[in-house]
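Notes for the one structure printed next.
What follows is calculated from the coordinates using simple rules that are stated; it is not laboratory data. In this text, all values refer to a predicted model and were calculated from it rather than measured experimentally. Here the Cβ is made from the backbone with ideal geometry for all residues, glycine too, and neighbour counts use every protein chain on show.
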Amino acid sequence: MTLLVVGLSHRSAPVEVMERVAVSVRDAGEVLDHLLGCEHVAAAMLLSTCNRIEVYAEVATFHGGLANITDVLERRSAIALDDLSGHLDVHCAQAAVDHLFSVAAGLDSMVLGEPQILGQLRTAYANAEQAGTLGRTLREVVQQALRVGRRVRTETGIATAGPSVVSEALAAAAAVLTGADGAGLAGRRALLIGAGSMGGLAAAQLRRAGVAEIVVANRTEAAAQRLAARCAAEGTRARAVGLDGVTAVLPTADVVVCCTGASDAVLGADQLAGRRVPLVVCDLGLPRNVEPEVGDVPGVTLVDLAAVARRAEQHGTGSVPVERARRLVAREVRDHVASRRTAEVTPTVTALRRRAAEVVDAELHRLDGRLPGLDAAVREELARTVNRVVGKLLHSPTVRVKQLAESGAGETYADALRELFSLDPQTPAALTGTED
């Protein structure tokens, strides 16, 4: 089986394309079922965030797996494959491990080092586990990626190297409002549409920015009430409304942050009649939560994911924590790949040693038949001698095959050992040292 990653991100596709491929939490199980029903896909995990939609899979063949996955994405997006393929990123084998570890570390994020991706990857893993679509190899590599992501954040300081998607959007909003009257976000009234994990992050940053009030709107009003209560407990005036209450709140809002999992827009230009001027609307949803026409309304500034990406590029990619993180990820990738390659030849080494032990036991049994009166001490010494000889003969080939495995050449050597000694490490007979 080969590890394959196929998807698109803020680096490869515009928002217009990404939102057509995006998969909501409610639809993730269905997409995973479609993937697992493909001929060449043995295991799959789906990661869908505001700036990436990626399939991580174990596939029987590269070309077959790639065709299966792109077919599912094509049907999902209703974008012709010729148009979609120009936006797809593909990573295979070691490159797939490198990409996954980099994603977990925040090195492939729109904003380098942003902390949310690790939680999103953990959620994707849990969803695939619940759906029963994880295979052994995929499970192990994702678990390792999560450990790498935590280690990068603990040891490199990358989490403090730059802002998050939310903070970049709010920084853009503050710049607009500062230009209006010099106050920035302090003392402003904020409307937050969406009470999920990103909504919670936005609420925390709005509080730190000193907004005077936060109104939380959500499809499930109870969730909005819980987030509003947390804001109030932290000392910021807050209240909750349902989505049907958004239009009534808009005239008094200075900044709106939209971050829902809705598949359709939750805010349109027609809802902005009677607004206060200026108004900044931050759309952090994928698919988009805000109709693009909102940006054409006089006095309204629309900050979408594309605008956030442009701001993030200004921070550069060469900070010391980022370089530390990259070096750590590179080491982890090398160690993981070497470990996997060694594990692949281990059954051959095990089968060879057990076959040798079987031969020794058979010869000692034959000796017992020929010399039934042999002194027990002599027999024990003979057994030790024979085992030492066999052990020394096997030492070089078994050590060498593991060394070669780390460099990528071990499988060829393992094939030779299996052929020379008639080994089949995939069968119980070889692993138990029995013969046909």
Most positive-pole-ward Cα, GLN205, VAL294, VAL246, against dipole of segment 192-300 from beta carbon charges | GLN205
Over all distinct alpha-carbon pairs, what is the Kirkwood Rh of segment 75-225 in angstrom?
-> 18.2
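Expressed in nm², what is the orientationally averaged projection area of the convex hull enclosing the Cα positions of segment 281-330? Working shown, then result.
Numbers: hull surface 19.7 nm².
For segment 281-330, averaging the hull's shadow over all directions gives 4.9 nm².
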What's the Cα-based Rg to Rh of segment 201-315, Rh via Kirkwood?
-> 0.95
Cα-based Rg of segment 2-160 per 2.2 N^0.38 Å, rounded to two decimals?
-> 0.96
Most mobile listed residue (THR346, THR133, THR49) in the chain, GNM with C-alpha springs under 10 Å = THR346
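I'd like to compare 110-117, 386-393, 66-73, 21-28: which one has the highest average count of other Cβ atoms within 10 Å, and what's the full order after that?
Output ranking for 110-117, 386-393, 66-73, 21-28: 110-117, 66-73, 21-28, 386-393.
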10 °C / 1.306 mPa s Stokes-Einstein diffusion coefficient of segment 320-379, Kirkwood radius on C-alpha pairs, µm²/s | 100
Just GLY299, GLY369, GLY119 to compare: in a GNM of the chain, with alpha carbon springs under 10 Å, which one fluctuates most?
-> GLY369
What is the P(r) of the chain, as percent of Cα-Cα pairs per 20 Å bin from 0?
-> 22, 43, 21, 11, 3, 0
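So if the hydrodynamic radius of segment 90-179 is defined as the Kirkwood radius over C-alpha pairs, what does Stokes-Einstein give as its diffusion coefficient at 10 °C and 1.306 mPa s, in µm² per second?
Working: Rh = 14.4 Å.
Answer from the Stokes-Einstein relation: 111 µm²/s.
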Dipole magnitude of the chain about its Cα centre (Cβ charges: Lys, Arg +1; Asp, Glu -1), debye to nearest 20 = 1640
Calculate the length of the line joining the C-alpha centroid of segment 287-360 to that of segment 207-257, in whole Å.
-> 35
Helical mean residue ellipticity (222 nm; -39500 (n - 2.57) per DSSP H run of 4+; nearest 500) of the chain = -18000 deg cm²/dmol
For the chain, the charge dipole (Cβ of Lys, Arg +1; Cβ of Asp, Glu -1; about the Cα centre) points to a positive end, and the Cα of ALA67, CYS92, LEU393 closest to that extreme belongs to LEU393
